[in-house]
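This report refers to the structure that appears directly beneath it.
What follows draws every value from the coordinates through simple rules; no lab data is involved. Since the structure is predicted, the reported quantities are computational estimates derived from the model, not experimental observations. No Cβ is skipped: glycine too gets one built from the backbone with ideal geometry, and neighbour counts run over all protein chains shown.
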Ligand SMILES: NC(=O)c1ccc[n+]([C@@H]2O[C@H](COP(=O)([O-])OP(=O)(O)OC[C@H]3O[C@@H](n4cnc5c(N)ncnc54)[C@H](OP(=O)(O)O)[C@@H]3O)[C@@H](O)[C@H]2O)c1
């Protein structure tokens, strides 16, 4: 059994990780932690739906308590600054870390002050962290000490775009419009995220300054000045991200050529479903599942297309991808426990 602790276990993505791990046949929950000043949560109250399954209660975080639980790995579903400080200490204690925050996703430490608002406390780990977009990882995941789980928007965008990068027109701009359910902001209680402010509305936000933008540029191999426009939107639903991506190709392409690229990337990968040409994904088909759905529509002339992807931000965008990565780190098939 792999002993796994979760920090941020009562947060939106942490609680989803706990739900998956509690049913995982090769995992034993070693400890569940909330914020140091928090009240803690009984396991049965965290997941009343897991009747019959037992697990540790969520207790206020204390490093000694986590380490004395002798976990093989910890999933950190904590704010960026918390993960950045905590991960190095856990690694030193011999605990592998899968970090759901953005603390180890960017390889260039110089980007952290501008995009995350803090100087990185452990820049030496940025080169070691494996960027865990699972379907695009190879052997580097096996035995990794530190996995940077991708952001929710980047997961949806990269899964759709990476298979096509080689045939995109280098001199044409890329436009990405993504809409996320409100759980993407975590469980914070702020007026801007309250029902009355959001219900019945729809808006773009953080245009040009969303911290997932440098992450996508990094993983697509785009320079900081490349014409890549990312427009996130807040959608008044609880869960799900739908990304709509406008692309231009180097030459004329056919549906068969696009289908071939997606098949080469994802055949045999059960958590990415590629729809048939012209069919576009919908949130309702992925919410509550660990799967991404990807589809495309070629535009007249065959030089341009709209590519659409849909995920559950708390699952493929966070917790289920973390469990896929955990499986691969410990040499299990990535589907184990689902
Ligand atoms: N929400 C998403 O769709 C999503 C997707 C991908 C990645 N992420 C990333 O995942 C992380 C968690 O996001 P979330 O949306 O799940 O947030 P959340 O719902 O606000 O939960 C955050 C959790 O972190 C805990 N925490 C806060 N400070 C702590 C500390 N100093 N020590 C230990 N635990 C601490 C909180 O404890 P209490 O319960 O005691 O308050 C809470 O359980 C963030 O970095 C976020 O950017 C989120």
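Can you tell me which residue in segment 209-228 is surrounded by the most Cβ atoms within 10 Å (Cβ to Cβ), limited to those that are in contact with a helix residue (DSSP H, G or I) (Cβ under 9 Å, 6 or more places away or on another chain) and part of a helix (DSSP H, G or I)?
215
Consider segment 161-186 and keep the residues that are over 29 Å from residue 263 (Cβ atoms) and in a loop (DSSP other than H, G, I, E, B). The one that is farthest from the ligand (Cβ to nearest atom) is 181.
Can you spot a residue in segment 200-209 that is out of contact with any strand residue (DSSP E or B) (no Cβ under 7 Å at 6 or more places or on another chain) and within 24 Å of residue 108 (Cα to Cα)? Yes; the residues of segment 200-209 include at least one that is out of contact with any strand residue (DSSP E or B) (no Cβ under 7 Å at 6 or more places or on another chain) and within 24 Å of residue 108 (Cα to Cα). Do the conditions hold for residue 153, that is, is it buried (at least 19 other Cβ atoms within 10 Å of the Cβ) and more than 11 Å from the ligand (Cβ to nearest atom)? No, not satisfied.
Among strands (runs of 3 or more DSSP E) lying entirely in segment 26-105, which contain 3 or more residues that are away from the ligand (no atom under 12 Å from the Cβ), in contact (Cβ under 8 Å) with a residue 24 or more places away in the chain and in contact with a helix residue (DSSP H, G or I) (Cβ under 9 Å, 6 or more places away or on another chain)?
Ranges flagged: 27-34.
Filter segment 106-133 for residues that are assigned to a helix (DSSP H, G or I) and away from the ligand (no atom under 12 Å from the Cβ); which is nearest to residue 156 (Cα to Cα)? The extreme case among them is 115.
Under the condition of being within 17 Å of residue 147 (Cα to Cα), in contact (Cβ under 8 Å) with a residue 24 or more places away in the chain and over 17 Å from the mean Cα position of the chain (by Cα), the residues counted in segment 324-338 number 3. Once segment 9-25 is narrowed to residues that are more than 10 Å from the ligand (Cβ to nearest atom) and not in a helix (DSSP H, G or I), the residue that is surrounded by the fewest Cβ atoms within 10 Å (Cβ to Cβ) is 25. A single member of 189, 206 is outside any strand (DSSP E or B) and surrounded by fewer than 11 Cβ atoms within 10 Å (Cβ to Cβ), and it is 189. Of all the residues in segment 167-180, those that are free of Cβ contacts under 8 Å to residues at least 60 places away in the same chain and within 25 Å of residue 134 (Cβ to Cβ) number 0.
The rows are residues; the columns are (1) assigned to a helix (DSSP H, G or I); (2) farther than 24 Å from residue 132 by Cβ; (3) touching a strand residue (DSSP E or B) at 6+ places or on another chain (Cβ under 8 Å).
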position	(1), (2), (3)
289	no, no, no
307	no, no, yes
324	yes, no, no
327	yes, no, no
336	no, no, no
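Listed conditions (1) over 22 Å from residue 29 (Cβ atoms); (2) in contact (Cβ under 8 Å) with a residue 40 or more places away in the chain; (3) in a loop (DSSP other than H, G, I, E, B); (4) more than 19 Å from the chain's Cα centre (by Cα) are all met by residue 262, apart from (3).
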